[in-house]
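> Please find one structure pasted underneath; my questions will follow.
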Amino acid sequence: MQNPQEARPRARSPFTAAFLSLIFPGLGHAYAGAPTRALLFATPPILLIALTGGIVIRMGQFQLLGAFLQLIGAIFAFNLIALVYRLIAIVDAYRVTEYLNAYAASGDGRLGKARMPRNPLSLAGLAAVILVMASAHVVVARYDLLAQDALGSCIFVDEGSDAGCDASADASPTPVDSGPVNETDSPAGAPTPEPTLIGTPVPTVEIPPWDGKERLNILLIGSDEQRGGHNTDTMITVSIDPVTKQVAMFSLPRDTVDVPVPPGPAQRVWGRDYGQKINSFFANNRRRSDLWPGNDRTRGYNALKSVLGELYDLKIRYFVEVNFDGFKKVVDAVGGVTINVQVPVSDDEFPGTTGRAQRLYIPTGLQHMDGEQALRYARSRHTSTDFDRGARQQRVLLSLRQQADPQTLIPKLPELVAALKSTVRTDIPVSQLDELLGLASQVDTANIRSFVFAPPLYSQDTCADARGCIVLPNIPRMKQAVKNAFTADPRDEALRQSLAGEGAHLWVLNGTSDSSRGPALAGYLEYRGLAASAPRGRPKGSVPANTVLTVYNGAEEKLASTIAYLEKTFGVQVKTKTDPTIPVDIVITVGRKTPNLQAPPSS
């Protein structure tokens, strides 16, 4: 009796094999029944995934982004190689399946006609798989080319040219020369056209890259293009301790004058102090090759880094500039920014788009802002102080940093790159991006130490000056704050700013036998942010046992924080009096039990 014919193996689908190879090289071969070939195709991507996984575990998201920007050329080539490799894997899996089907269909181990003959539908499926795979690689190539375009042409001032860029800093007209400048220590306060060069050009100096160990200082610049000028209205120096990962931010009001000029040829022109407003320093020095190193794209920034470095006793290594019009585009490109508005902003004189004043009001609480709203929040300066304005600018930057997620930014890359090209300039080397972005991802943004060098704590403002309304800096106090930024308790700085913001004026009267106690206590209160002085003369009557705090002429209604601090410090309650002859808000009378408080040494 003849045995029934054994059932032939079921034919495999070549399209399925191709689709599985699209998911991962080698899967299609395993499905077709070719395990050795499957292992050969799967081994390289498995090893690559293991290597990449190890790198990703060691690096943060921002550091990975920096590495990507450094390796964009190599990534483009690798993407092309991966495209060819996957194409070979897909086609080979398709053909191997056909081959094995034909081999199985012969029934006697010889090749024969396949059970399911090749048909147009199967080939169309193969073409669709190849198209899907190629599309993914085209998308990667597009983003890679976008990154190359941004890095190579506009943003990094030492890495490419400005061809095809809307470079705000380089687009403004060059000031007209008006003859030589006399060497003087007292330059005129009014802005002057750029002078003719005197002396020989200063050699270009290459800034050594950051070594990853010393304190890193980066100048953040917000520039405004008005009437053909280039004013650096926002100047925030970010200082990072790479060991402790602490960060401090120092904001300088744009109307600050008499900023010390670094020793060298610049002092021959501007004097020991720059008498004009600091926001004009870039424009007045950008073409001065006889004063500052660099080329036409970097010289103005080198000058600004140098003069602020002299003010703070810091080595400011890099700068990042954002023009205000482009800032709006960047914020819009990332989908807006959410800001915790701590103090409401009310400004009835904010300049509108037509040049006429319009009312601006931003309430407290979490506010999601687009680019225009965020810029208005940062720039409003009427009915608020320079301190408020500087604090708001720092808050905008921190909010953008905290909400910047590389994963959410990738889909918005085309819009973001277009905005960055016309907005951002920096001299940070591309070769250090991964290291700097890695450091940025490690810092504690929730505990950044914020310093706004605004009146009345760090400077004085006045409009009774031939130079207009200006800010006169207290340079020793600024230098001390910068020096102690990472060692002092940040709560002390917050208290100083709070007390200084109330603007109380104090007298310290001393009737004890120790004449130094009055000036010492006044110095301590000055250190704490209060405007205190110790006039000569003894208070009336005998020396009290305890400190006497007297608030005059209703000042208690506006000095809640100051009064609370004084009562806690001296352990007594304030008294109130009305006396129009007293020109200050609070009088402190030293008693026998008054603590001997002294400000810490300045060095």
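> Looking only at segment 19-48, filter to residues that are outside any helix (DSSP H, G or I) and either touching a Leu at 6+ places or on another chain (Cβ under 8 Å) or at pLDDT below 90 (or both); which one of those is surrounded by the fewest Cβ atoms within 10 Å (Cβ to Cβ)? First the steps, then the outcome.
Initially, segment 19-48 is screened for residues outside any helix (DSSP H, G or I), giving 24-26, 33-34.
Among the residues that remain, those that are also either touching a Leu at 6+ places or on another chain (Cβ under 8 Å) or at pLDDT below 90 (or both) are: 26, 33-34.
Values: Gly26: 24, Gly33: 17, Ala34: 21.
This residue is Gly33.
> If we keep just the residues of segment 513-561 that are charged (D, E, K, R) and under 27 Å from Arg477 (Cβ atoms), which is farthest from the chain's Cα centre (by Cα)?
Looking at the filtered set, the residue picked out is Asp514.
> In segment 557-582, what count of residues is obtained for those that are assigned to a loop (DSSP other than H, G, I, E, B), open to solvent by less than 100 Å² (accessible area, probe 1.4 Å) and not β-branched (Val, Ile, Thr)?
Initial filter on segment 557-582 (assigned to a loop (DSSP other than H, G, I, E, B)): 558-559, 571-574, 578-582.
From the residues that got through so far, the ones that are open to solvent by less than 100 Å² (accessible area, probe 1.4 Å) too are 559, 571-572, 574, 579, 582.
Checking the rest, the ones that are also not β-branched (Val, Ile, Thr) come to 559, 571, 579.
The qualifying residues number 3.
> If Val508 passes every condition in (1) under 26 Å from Ala454 (Cβ atoms); (2) of a type outside the set (Gly, Ala, Ser); (3) open to solvent by less than 30 Å² (accessible area, probe 1.4 Å); (4) out of contact with any strand residue (DSSP E or B) (no Cβ under 7 Å at 6 or more places or on another chain) but one, which one does it miss?
Against the list (1) under 26 Å from Ala454 (Cβ atoms); (2) of a type outside the set (Gly, Ala, Ser); (3) open to solvent by less than 30 Å² (accessible area, probe 1.4 Å); (4) out of contact with any strand residue (DSSP E or B) (no Cβ under 7 Å at 6 or more places or on another chain), Val508 comes up short only on (4).
> Limited to segment 274-285, what total is found for residues that are open to solvent by 10 Å² or more (accessible area, probe 1.4 Å) and without any contact (Cβ under 8 Å) to a residue 60 or more places away in the chain?
Summing the residues that are open to solvent by 10 Å² or more (accessible area, probe 1.4 Å) and without any contact (Cβ under 8 Å) to a residue 60 or more places away in the chain in segment 274-285 gives 1.
> Next up: Output the residues belonging to segment 476-492 that are touching a strand residue (DSSP E or B) at 6+ places or on another chain (Cβ under 7 Å) and outside any helix (DSSP H, G or I).
As a first pass, look at segment 476-492 and keep what is touching a strand residue (DSSP E or B) at 6+ places or on another chain (Cβ under 7 Å): 481-482, 485-486, 490.
Passing the criteria: Ala485, Phe486.
> Separate question: Can you find a residue in segment 503-523 that is touching a residue at least 24 places away in the same chain (Cβ under 8 Å) and touching a His at 6+ places or on another chain (Cβ under 9 Å)? It would help to see each step written out before you state the result.
First, pick out the residues of segment 503-523 that are touching a residue at least 24 places away in the same chain (Cβ under 8 Å): 503-512, 517-518, 520-521, 523.
So of that shortlist, the ones also touching a His at 6+ places or on another chain (Cβ under 9 Å) come out as none.
Among the residues of segment 503-523, not one is touching a residue at least 24 places away in the same chain (Cβ under 8 Å) and touching a His at 6+ places or on another chain (Cβ under 9 Å), which makes the answer no.
> Where residues in segment 370-395 are at pLDDT below 80 and of a type outside the set (Asp, Glu), which of them is most open to solvent (accessible area, probe 1.4 Å)?
Looking at the filtered set, the residue picked out is Thr383.
> Mind checking which residues of segment 493-524 are under 21 Å from Ser561 (Cα atoms) and part of a loop (DSSP other than H, G, I, E, B)? Can you show your working first?
The initial filter retains those residues of segment 493-524 that are under 21 Å from Ser561 (Cα atoms), namely 493-508, 521-524.
Within segment 493-524, Gly503, Ala504 meet the criteria.
> Determine which single condition Phe62 fails, assuming it passes every other condition in (1) aromatic (Phe, Trp, Tyr); (2) touching a Leu at 6+ places or on another chain (Cβ under 7 Å); (3) at pLDDT 90 or above.
(3)
> Give the residues of segment 435-451 that are surrounded by 18 or more Cβ atoms within 10 Å (Cβ to Cβ), part of a helix (DSSP H, G or I) and not small (Gly, Ala, Ser), sorted by residue number.
Residues satisfying the conditions are Glu435, Leu436, Leu437, Leu439.
> Among the residues of segment 327-341, which ones are in contact with a Leu (Cβ under 9 Å, 6 or more places away or on another chain), over 21 Å from Leu437 (Cβ atoms) and assigned to a helix (DSSP H, G or I)?
Listed by number, the residues that qualify are Lys328, Lys329.
> May I pose another question? Could you go through segment 425-434 and let me know if any residue there is open to solvent by 50 Å² or more (accessible area, probe 1.4 Å) and in contact (Cβ under 8 Å) with a residue 24 or more places away in the chain.
If we filter segment 425-434 for residues that are open to solvent by 50 Å² or more (accessible area, probe 1.4 Å), which is where we start, we get 431.
With the extra rule that they be in contact (Cβ under 8 Å) with a residue 24 or more places away in the chain, the set shrinks to 431.
Yes; the residues of segment 425-434 include at least one that is open to solvent by 50 Å² or more (accessible area, probe 1.4 Å) and in contact (Cβ under 8 Å) with a residue 24 or more places away in the chain.
> If you take the residues of segment 542-568 that are among the aliphatic types (A, V, I, L, M) and in contact with a strand residue (DSSP E or B) (Cβ under 9 Å, 6 or more places away or on another chain), which of them is nearest to Ile582 (Cα to Cα)?
Val551
> Pairs under 7 Å by beta carbon, first residue under 18 Å from Ile236 (Cα atoms) and among the hydroxyl-bearing types (Ser, Thr, Tyr) in segment 311-333, partner open to solvent by 20 Å² or more (accessible area, probe 1.4 Å) and part of a strand (DSSP E or B), six or more apart or different chains?
Tyr318/Ile218
> So, of the residues in segment 215-254 that are among the charged types (D, E, K, R) and open to solvent by 20 Å² or more (accessible area, probe 1.4 Å), which turns out to be modelled with the lowest pLDDT?
In the first step, residues of segment 215-254 are kept if they are among the charged types (D, E, K, R); the result is 215, 224-225, 227, 233, 241, 245, 254.
Pick out the ones that are also open to solvent by 20 Å² or more (accessible area, probe 1.4 Å) and you get 215, 225, 227, 241, 245, 254.
Details: Arg215: 88, Glu225: 72, Arg227: 57, Asp241: 89, Lys245: 86, Arg254: 92.
By that ranking, first place goes to Arg227.
> Can I ask one more? Considering only residues that are surrounded by 19 or more Cβ atoms within 10 Å (Cβ to Cβ), charged (D, E, K, R) and farther than 26 Å from Ser431 by Cα, which ones fall in segment 311-328?
Passing the criteria: only Lys328.
The values are calculated or read from the model by the stated rules, or taken from the named source; none is laboratory data. What you see is a predicted model; the values in this text were computed from it and never measured. Cβ sites come from the backbone with ideal geometry, for glycine too, and all protein chains shown count toward neighbours. SASA here: full protein model, heavy atoms, side chains in, ligands and nucleic acids out. Shrake-Rupley method; radii C 1.70, N 1.55, O 1.52, S 1.80 Å.
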